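The values are calculated or read from the model by the stated rules, or taken from the named source; none is laboratory data. Since we're looking at a predicted model, the values are computed, not measured. Ideal geometry is used to build each Cβ from the backbone, glycine not excepted, and the neighbour counts take in all protein chains shown. All accessible areas refer to the heavy atoms of the entire protein, side chains included, with ligands and DNA or RNA removed. Shrake-Rupley method; radii C 1.70, N 1.55, O 1.52, S 1.80 Å.
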Amino acid sequence: MPDPAHSQPVSKPIPESTFDALADALVERGYAVLDNLLGEALITALRAEFDHPDCQFKTAGIGREEDHAIALDIRGDRICWIEGGSAAAAAFLAAMETLRLALNRRLFMGLFDYESHLAYYPVGTFYKKHVDAFVGRSNRVLSTVLYLNPSWAEGDGGELVLYDEAGAAVVEKLCPEAGRLVVFLSERFPHEVLPARRERYSVAGWYRVNSNTTGRVDPPA
Ligand code: OGA
Ligand code: MN
């Protein structure tokens, strides 16, 4: 029996006008919400990755390197880093590479590479307010979250809340609906994941600049 997530190449071309709109939104507001960018087939295939035995999920931690620690009072998601070995993962990484090049051409952001992980939030879990990158202390510059949850309803919780730079005012509250891609400047938006009342599936990722002078690397996988 063929396994659809691991045998079918899946992708969908992205029109240049979409990249234009994304670049404009990043310049004007620092974040963008793109619905149905990658096509339903890829979203379905990425969701199927979570059920594949090759995917070894582990409880996510906080901090980097020696500071790395599990802290369920801060975040309760379980993650699996994406390596690109399956057709779905390869198609996702190819799309994110296209996006990287498109943004570099338009905004000269110098995005150098991209790292990403599958994230599973069991019922009742959350991720408290945090920033993905501290100003000048990280090479993560642009955060992405792709959601894989069909028919997410109002009462299901699990919204992504973006705050202003001071972490005080809510800028946007977004449902993790399948096909939605949220892109935001990593240093500028404190954000949180509200408690999920239904199992919540997503792919979180970060474009990085090449700054090995910072002496900081990402948490060990
Ligand atoms: C993260 C994160 C947001 C989300 O993984 O750093 O903030 O909506 N995820 O899943
Ligand atoms: Mn985050």
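Okay, here's what the table says:
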quantity: Residue among 91, 102, 95 that alone is aliphatic (A, V, I, L, M) and in contact with a Pro (Cβ under 9 Å, 6 or more places away or on another chain); calculated: 91
quantity: Segment 134-158, subset within 10 Å of ligand 1 (Cβ to nearest atom) and under 20 Å from residue 62 (Cα atoms), residue modelled with the lowest pLDDT; calculated: 140
quantity: Residue match in segment 122-139 (condition: among the basic types (Lys, Arg) and open to solvent by less than 30 Å² (accessible area, probe 1.4 Å)); calculated: no
quantity: Residues located in segment 65-99, provided they are under 18 Å from the mean Cα position of the chain (by Cα) and assigned to a helix (DSSP H, G or I); calculated: 88, 89, 90, 91, 92, 93, 94, 95, 96, 97, 98, 99
